[in-house]
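Reviewing the structure listed below.
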Amino acid sequence: MSPTVSRRSRRLTLLAASIACATAGVTIAGAASAGTLSGTLYRDPDTAVARWVAANPNDSRTSLISSRIASQPATRWLSNFNLGTVQSEVSAYVGAAAAAGRVPALTLYGIPNRDCGGASAGGAPDLAQYQTWVNGIARGLAGRTTLILLEPDSIALQTCLSAGEITARDQALATATRTLKAAGAKVYLDGGHSAWNSGAEQARRLANAGVADGDGFYTNASNFQSTANEAAFGRSVLSALSGRGITGKRQVIDTSRNGGAAGDWCGDDNTDRRIGRYPTLDTGDANIDAYLWIKPPGEADGCAYAAGSFQPALAASLATGAAAPPNTPSNPTPPTSAPTTPPTTPPTGQPAGACGATYVTSSTWQGGFQGQITVKAGGGAVNGWSVSWTLGSGQSVSQVWGGTLSVSGSTVTVRNAGWNGSLQPGATAEFGFIASGAAGTPGLTCTA
């Protein structure tokens, strides 16, 4: 899912001169508190940039985009308002991250009247349904630690709202924060950026929106300000919050596109932009919980291209001249037990001909489970594949990603998606699914 963040609304008078560099009194506490994030961020294998890289192996830009952008974790956006599927989508994503031993990050973008009706207009039809949507997300989290970036621009951008509408939105954000915290999330609210509202004003707005019950705020998701400017701005916000009796909060900074020039808000056709710091939870700053890529690099702002659409020219421009990442986060394959004696025949599901498939249960819960299947080409290239298996008693498949589902009686067949069907000898593709019933190990048949 792609974010649809517009920059139309960011043409505001620069207020950077008002930033105070006072440091808030912040205490690093135990594992359940803000400021103690550790681990490796989860890299979603099914992103717009990953799909483009897989579909364009011979493009001259592919290597650069793959090594500098597709290799890195960015937040997953929940921007399509759908009450019927959001819980399963969240459960699948967070479950996959948990199975990989990684920390997932979600950006929620469903508040009514988002972007003040600009290029990214949409969201829930009203605040009551918005809360129902948030409740579904919370159920999908199921207590698993997840970073939540709550509603970009919902606090910094209020020009289209009446006083009563601002109060109602603040109450909705505060309720969402408490709901998501109760479900195990680390919740950060919209902090704008250093060239927008003053630190004192942004702190006032954050306080009204319930930041006291959250873990802090994030900045720069809607702009390209330098990390140094954002850190200074964050200290001024923390200081102002402390003056209101709100302490123990932290900042998250979006560094996805702040490695070059700042200036105008729209990055669709600005070749001076560069990716900034690579995403990490190891910030070395007690005030900053994470450097994240909240806005995935290469996805448009809504000026020259449709908001949220992936544009390889933008991605290549952002990656040009960027330093190589210090490491390439990967999602480990869950270990399997090695056989005690060498097999005399290929094990079930391994490539014995054109393709093979292996299965692992990613996560389980009462009444359901998530499965992950890896397809591997054999000794020859594959141009299209399908995997079939027979459902066990009480099982049914409700959702598939990375492939196309069909069911005939008790037989399930998943065919490749448009972007992952062509495999070189020995290459792999993955798809996952959500199912009801008890988990088991299905007998897989791969056909190419």
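The table below gives the values:
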{"read-out": "Some residue of the stretch 151-169 being of a type in the set (Lys, Arg) and surrounded by fewer than 24 Cβ atoms within 10 Å (Cβ to Cβ)", "value": "yes"}
{"read-out": "Residue check for THR159: under 18 Å from ASP115 (Cα atoms) and at pLDDT below 95", "value": "yes"}
{"read-out": "Subset tally (residues that are in a helix (DSSP H, G or I) and either among the hydroxyl-bearing types (Ser, Thr, Tyr) or not assigned by TED's automatic domain parsing to the domain that holds GLY143 (or both)) for the stretch 171-192", "value": "3"}
{"read-out": "Residues within the stretch 392-427 that are within 14 Å of LEU444 (Cβ to Cβ) and not basic (Lys, Arg), tallied", "value": "7"}
{"read-out": "Scope the stretch 80-96; condition of a type in the set (Val, Ile, Thr) and either in a helix (DSSP H, G or I) or within 17 Å of PRO45 (Cβ to Cβ) (or both); matching residues", "value": "VAL86, VAL90, VAL94"}
{"read-out": "Which numbered condition GLY356 fails, given (1) more than 26 Å from GLN372 (Cβ to Cβ); (2) at pLDDT 80 or above", "value": "(1)"}
{"read-out": "Pick from the stretch 193-245, criterion among the β-branched types (Val, Ile, Thr) and assigned to a helix (DSSP H, G or I), ranking: nearest to ARG257 (Cα to Cα)", "value": "THR227"}
{"read-out": "Subset tally (residues that are in contact with a strand residue (DSSP E or B) (Cβ under 7 Å, 6 or more places away or on another chain), farther than 28 Å from CYS116 by Cα and surrounded by fewer than 24 Cβ atoms within 10 Å (Cβ to Cβ)) for the stretch 281-308", "value": "4"}
{"read-out": "Residues satisfying the stated conditions in the stretch 203-226, i.e. within 20 Å of the chain's Cα centre (by Cα) and over 20 Å from ASP301 (Cα atoms)", "value": "GLY214, ASP215, GLY216, PHE217"}
{"read-out": "Check on SER63, outside any loop (DSSP other than H, G, I, E, B), surrounded by fewer than 15 Cβ atoms within 10 Å (Cβ to Cβ) and at pLDDT 85 or above", "value": "yes"}
{"read-out": "Meets criteria (surrounded by 15 or more Cβ atoms within 10 Å (Cβ to Cβ), modelled with pLDDT under 95 and farther than 21 Å from GLN424 by Cβ) for ALA48", "value": "yes"}
{"read-out": "Spans of strands (runs of 3 or more DSSP E) in the stretch 389-429 with at least 1 residues without any contact (Cβ under 8 Å) to a residue 12 or more places away in the chain and out of contact with any Pro (no Cβ under 7 Å at 6 or more places or on another chain)", "value": "403-408"}
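Quick grid of which residues meet (1) more than 19 Å from the chain's Cα centre (by Cα); (2) part of a loop (DSSP other than H, G, I, E, B); (3) among the aromatic types (Phe, Trp, Tyr); (4) modelled with pLDDT of 90 or more:
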{"residue": "ASP289", "(1), (2), (3), (4)": "no, no, no, yes"}
{"residue": "LYS295", "(1), (2), (3), (4)": "no, yes, no, yes"}
{"residue": "GLY302", "(1), (2), (3), (4)": "yes, yes, no, no"}
{"residue": "ALA307", "(1), (2), (3), (4)": "no, yes, no, no"}
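The values are calculated or read from the model by the stated rules, or taken from the named source; none is laboratory data. Everything numeric here is computed off the predicted structure, so don't read it as measured data. All Cβ positions, glycine included, derive from the backbone under ideal geometry; neighbour counts span all protein chains shown.
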